[in-house]
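What follows is one structure encoded as structure tokens, with my remarks underneath.
The values are calculated or read from the model by the stated rules, or taken from the named source; none is laboratory data. On a predicted model such as this, the values are computed, not experimentally measured, just so you know. Cβ coordinates were reconstructed from backbone atoms using ideal geometry, including for glycine residues, and neighbour counts include every protein chain displayed.
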Amino acid sequence: MLRIKNSFKKILCAGLAAVAAMSMTLDAFAAEPYRSYIYDTWNDSIPSQNAYRIDKTVTGYEMGLSRLSDPADSLFLGEKASARLSNAKDMYFDPDEKEFWIADTDNNRILRLDDELNLIGAYNELSDGSHFAAPSGIYVKRSLYDDKPLYIYIADYENSRVIKASVESENELKLVQEYTRPDTDLYTVETFNPSKVVADFAENVYAVCTSVNQGAVQFNRSGKFQGYYGANRVEVTASVIAQKLWRKFASNEQISGMTRNVPVEYANFDIDEGGFIYTVTEAANTTTDAVKKLNPAGYNIWDNSTGNEYKFGDIASEYDPSQNQTYSTRLTDICVSDNGLINVLDFSTGRVFQYDRNAKLLCIFGTKNSTNDQRGSFSNPNAVEAYNNNIYVIDGSKNDITIYSETTFGALMHEAVELYDQGRYSEAKPIWENVIARDGGYPMAYVGLGKAALNEGEYSKALDYFETAYDQDDYDRAFKYAREEFLKKNFTAIVVVLLVLVVFLFVLSKLHKKGIYLIKGRFGKKKKREGR
Amino acid sequence: MYEFTPVGWLKHCIFHPVEGFEDLRWKKQGSMKIALIIVFFLFVAMVADRQMTGFQFNNNYVKIFNVVPLIVQSVVYYFTWCVGNWSICTLLEGEGTFRKISIYSAYSLVPYIVCTIIKVIFSNFLVQEESIWITALTYLGFGWSIVLMIQAMRACHQYSFSKTLISMVLTLVAMLLILFLAILLLSLFQQVYVFIYQIYTEIAYRIRG
């Protein structure tokens, strides 16, 4: 008996082991070190599918930075040139040349990488022999003028200048223009420390400078100071209102002792192919001007004070029990990819928030936690770029670049969003259905399906979809059509019912006049008593 | 003078804001039963407003439905109002009895209830462009009820207009006090209960050894 049992056990164990082994080979994958989520209509976070997964991380050595200290190599910078990045503050992807540019801040050099992140150029000095000092912002654009040189704009932080140089070769930059502290009364700040830079098609240069809160400093092509561009506003909080009240009563001396309420300068910006400049502000949990889309006149298109409800970053501060710390959103970089998707990087949580053209949240990925040695979690995420459906995040403390690639869900979702944003709702329909099959709680899919149904005139179906997504405005639009259709269909019936009702009331009042009551003991006045 | 059924008196009060409640008082009319029914319908109207408003107008957090806050907002507030008003106006030489205060207050709530229910029905047929109707109904119901409430309290206590307003503001303060004390009492009793329960568990463990 015992023996039978034992042999049975053996077989069972072997079988289980085999099953376990097989299932292990099937399921051997590393999950992302975070859970994907998204916000619904009530700004509650709901679980979602991963739209991106971590593809790989690339360190300086893997880029080929060891070539920089190799005297035999054409890219030789010096014997002691470090083979790793050091606190790289900015990264830019040039979509025309398909090249990455990295401002390797603490190594005082600029790196140029191809789209596979292999080193193809390195620069640590200009043609006039001056070196960089903590370059923290970089922007590259091919000029539309003359013989179309490739211009690089560098925010040379500690040298207090913005450099415009033409890229001559893989290790040669020719200085074209130097923008220094504007010598006018308009510019009131003592220092000029540009941290980020972009340029538009007319080669106007915009520089974000530390402690300049009137907006970006704008220079024209010939290097003349043009003024400030797109200042943030002061966020109205209780303390701001209180201080405004106190100012009414305070004496001049007291007022001069008070802190001034000034807007927060923005942290970073990006320019899209339409010439719109997108800015992010790194102040914690700000709701005013967190992300702005500025037109060339500096007017914010995504303005909540005109009745819109644009929201960026995490809605509520998040408490992380494992770190005993509360995170609040601090948006540090924004990147507009050529397919119109907007990626916003949150420094404090290490999350990338992806939005479509209309600032609708698409997905959230990335993290920052105690185990930031793990791939996909960040320590000091400094910059985000997008290319070829991948997202690149550079970390200034881990000194590497993390590459996120689209999952199937992400690819489907992006395809559908692309069609949706173009208004091709019916074409997006099968894709949205596929998206729902993968994530049944994805709100935008239901809106997309609803709009498709609305376009095809299936109003009740559209109403159902909009109700699922809890999209009141679109529901309202569909309801209007549905109501119209209902009235058209049942017009005769409604008229008949109304007519019958009118006739009935008419007859009733005639009968009442004659003293005949259909319902006895009617409400209202009693019969007058005798003698009164 | 007037001779009405109880419901007729209700109608008279509502449609004659100036003299209605004076007549009611003069004739010693008003039914407690109807008043309680009205309060019940206040609760029903509030539930309907929360749950049955048309989708395009319903801005409530519909994921969860908890009936307790609605009971508090209707029934409990109503009774606190009556108790508060009674305690204030007794001190301010008002002539109303507690019964009268309850009945008159309930009667003056009717326009609000009716407008809320009509609003809920309308919201199922209208679109957001026509939301002006809903807003108008809200203001109509609220305003009418407030006018009636002032008149009811004035007639009930035989006050001047300004004294009525002062007494009503004081009533609101009294309501706050009552609710505060009630919550305090509730939490205290909870602690007493927890204390007694802990003693019981302690003893139970000791006995079992």
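Does the stretch A:472-494 hold any residues that are acidic (Asp, Glu) and either within 13 Å of chain B (Cβ to nearest Cβ) or free of Cβ contacts under 8 Å to residues at least 24 places away in the same chain (or both), and which are they?
A:ASP473, A:ASP474, A:ASP476, A:GLU484
Please find, within the stretch A:451-471, the residue that is nearest to the other protein chains (Cβ to nearest Cβ) out of those that are surrounded by fewer than 18 Cβ atoms within 10 Å (Cβ to Cβ) and in a helix (DSSP H, G or I).
In this case the residue turns out to be A:GLU467.
Any residue at all in the stretch B:21-29 that's within 13 Å of chain A (Cβ to nearest Cβ), within 27 Å of B:PHE98 (Cα to Cα) and not in a loop (DSSP other than H, G, I, E, B)?
no
Take B:SER108 and tell me if it is buried (at least 21 other Cβ atoms within 10 Å of the Cβ), of a type outside the set (Phe, Trp, Tyr), away from chain A (no Cβ under 14 Å) and within 16 Å of B:ILE14 (Cβ to Cβ).
Numbers: buried (at least 21 other Cβ atoms within 10 Å of the Cβ): yes; of a type outside the set (Phe, Trp, Tyr): yes; away from chain A (no Cβ under 14 Å): yes; within 16 Å of B:ILE14 (Cβ to Cβ): yes.
So B:SER108 passes the test.
Among the numbered criteria (1) loosely packed, with under 14 Cβ neighbours inside 10 Å; (2) part of a helix (DSSP H, G or I), which single criterion is violated by A:ARG483?
It fails just one condition, (1).
Hey, does the stretch A:202-212 have a residue that's buried (at least 16 other Cβ atoms within 10 Å of the Cβ) and more than 29 Å from the chain's Cα centre (by Cα)?
no
Could you check B:PHE55 against (1) at pLDDT 90 or above; (2) more than 13 Å from chain A (Cβ to nearest Cβ) and say which number it fails?
Result: B:PHE55 fails condition (2) only.
If you check B:ILE117, B:ILE207, which single one turns out to be surrounded by fewer than 21 Cβ atoms within 10 Å (Cβ to Cβ), at pLDDT below 95 and of a type in the set (Val, Ile, Thr)?
B:ILE207
Restricting attention to the stretch A:22-33, does a residue exist that is among the aromatic types (Phe, Trp, Tyr) and at pLDDT 90 or above? Give the steps one after another, and end with the answer.
Of all residues in the stretch A:22-33, those among the aromatic types (Phe, Trp, Tyr) come to A:29.
Filter once more, so that each one left must be at pLDDT 90 or above: none.
No, there is no match, as no residue in the stretch A:22-33 is among the aromatic types (Phe, Trp, Tyr) and at pLDDT 90 or above.
Taking the stretch A:213-242, which residues are within 15 Å of A:LEU294 (Cβ to Cβ) and within 23 Å of the chain's Cα centre (by Cα)?
Scanning the stretch A:213-242 gives A:GLY215, A:ALA216, A:TYR229, A:GLY230, A:ALA231, A:ASN232, A:ARG233.
Being aliphatic (A, V, I, L, M), over 18 Å from B:MET153 (Cβ atoms) and facing another protein chain (nearest Cβ under 8 Å) is the requirement here; does B:VAL47 meet it?
no
Residues that are in contact with a Leu (Cβ under 9 Å, 6 or more places away or on another chain) and in the same structural domain as A:PHE132 (by TED's automatic domain parsing): list the strands (runs of 3 or more DSSP E) wholly contained in the stretch A:167-209 that include at least 3 such residues.
Filter on the stretch A:167-209 gives A:172-179.
Just to be sure I understand the filter: pairs with C-beta atoms under 6 Å, separated by 6 or more residues or on different chains, first member in the stretch B:129-140 and within 14 Å of another protein chain (Cβ to nearest Cβ) and assigned to a helix (DSSP H, G or I), second member surrounded by 15 or more Cβ atoms within 10 Å (Cβ to Cβ) and of a type outside the set (Ser, Thr, Tyr). Which pairs pass?
Short answer, once both residue conditions are applied: B:ILE134/B:LYS119.
Looking only at the stretch A:85-116, how many residues end up being closer than 26 Å to A:LEU144 by Cβ and part of a loop (DSSP other than H, G, I, E, B)?
Selection size over the stretch A:85-116: 5.
Kindly provide the set of residues from the stretch A:183-199 that are closer than 20 Å to A:THR279 by Cβ and out of contact with any Gly (no Cβ under 6 Å at 6 or more places or on another chain), ordered by number.
Correct list: A:TYR187, A:VAL189, A:PHE192, A:ASN193, A:PRO194, A:VAL198, A:ALA199.
If I ask for residues that are under 30 Å from A:PHE466 (Cα atoms) and among the hydroxyl-bearing types (Ser, Thr, Tyr), which ones from the stretch B:54-102 would you list?
Hit for the stretch B:54-102 is B:TYR61, nothing else.
Might you check whether a residue that is in contact (Cβ under 8 Å) with a residue 12 or more places away in the chain and not in a helix (DSSP H, G or I) occurs anywhere in the stretch B:60-77?
yes
Tell me, yes or no, whether the stretch B:164-176 has at least one residue that is within 14 Å of chain A (Cβ to nearest Cβ) and in contact with a Leu (Cβ under 8 Å, 6 or more places away or on another chain).
No: zero hits.
When you go through (1) surrounded by fewer than 17 Cβ atoms within 10 Å (Cβ to Cβ); (2) at pLDDT 90 or above; (3) under 23 Å from the mean Cα position of the chain (by Cα); (4) on the phi < 0 side of the Ramachandran plot one by one for A:ASP114, which number turns out not to apply?
All conditions pass for A:ASP114, except number (3).
Every residue, every condition in (1) surrounded by fewer than 19 Cβ atoms within 10 Å (Cβ to Cβ); (2) under 30 Å from A:GLU433 (Cα atoms); (3) among the charged types (D, E, K, R), yes or no:
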residue	(1), (2), (3)
A:ASN324	yes, no, no
A:ASP333	no, no, yes
A:GLY340	yes, yes, no
A:VAL352	no, yes, no
A:ALA359	yes, yes, no
A:LEU362	no, yes, no
A:THR367	no, yes, no
A:ILE394	no, no, no
A:SER397	yes, no, no
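Could you tell me whether A:GLY440 is over 30 Å from A:ILE102 (Cβ atoms) and not in a helix (DSSP H, G or I)?
Answer is yes for this residue.
For the structure I just gave you, tell me whether A:ILE154 is under 15 Å from A:GLU125 (Cβ atoms) and either crowded, with 22+ Cβ neighbours inside 10 Å or outside the structural domain of A:GLY78 (by TED's automatic domain parsing) (or both). Spell out how you get there, then give the answer.
Working: under 15 Å from A:GLU125 (Cβ atoms): yes; either crowded, with 22+ Cβ neighbours inside 10 Å or outside the structural domain of A:GLY78 (by TED's automatic domain parsing) (or both): yes.
For A:ILE154, the condition - under 15 Å from A:GLU125 (Cβ atoms) and either crowded, with 22+ Cβ neighbours inside 10 Å or outside the structural domain of A:GLY78 (by TED's automatic domain parsing) (or both) - is met.
Hey, does the stretch A:71-84 have a residue that's within 19 Å of A:ASN380 (Cα to Cα), part of a loop (DSSP other than H, G, I, E, B) and at pLDDT below 90?
First, the residues of the stretch A:71-84 that are within 19 Å of A:ASN380 (Cα to Cα): A:84.
After this cut, where a residue has to be part of a loop (DSSP other than H, G, I, E, B) as well, the list is A:84.
From what is left, the residues that are at pLDDT below 90 are A:84.
Taking every residue of the stretch A:71-84 in turn, at least one turns out to be within 19 Å of A:ASN380 (Cα to Cα), part of a loop (DSSP other than H, G, I, E, B) and at pLDDT below 90.
For the stretch A:327-351, how many residues are aliphatic (A, V, I, L, M) and farther than 15 Å from A:PHE269 by Cα?
The total comes to 0.
I'm trying to understand the selection: among the residues of the stretch A:184-215, which are among the aliphatic types (A, V, I, L, M) and modelled with pLDDT under 90?
Taking the stretch A:184-215 as the starting set, the residues that turn out to be among the aliphatic types (A, V, I, L, M) are A:186, A:189, A:197-199, A:202, A:205, A:207-208, A:212.
Correct list: A:LEU186, A:VAL189, A:ALA202, A:VAL212.
Within the stretch B:30-57, can you find the residues that are farther than 28 Å from B:LEU126 by Cβ and assigned to a helix (DSSP H, G or I)?
Initial filter on the stretch B:30-57 (farther than 28 Å from B:LEU126 by Cβ): B:30-37, B:39.
Those that are farther than 28 Å from B:LEU126 by Cβ and assigned to a helix (DSSP H, G or I): B:MET32, B:LYS33, B:ILE34, B:ALA35, B:LEU36, B:ILE37, B:VAL39.
Condition check: surrounded by fewer than 20 Cβ atoms within 10 Å (Cβ to Cβ), touching a strand residue (DSSP E or B) at 6+ places or on another chain (Cβ under 7 Å) and either within 14 Å of chain B (Cβ to nearest Cβ) or within 30 Å of A:ALA83 (Cβ to Cβ) (or both). Does A:GLY441 satisfy that?
Yes.
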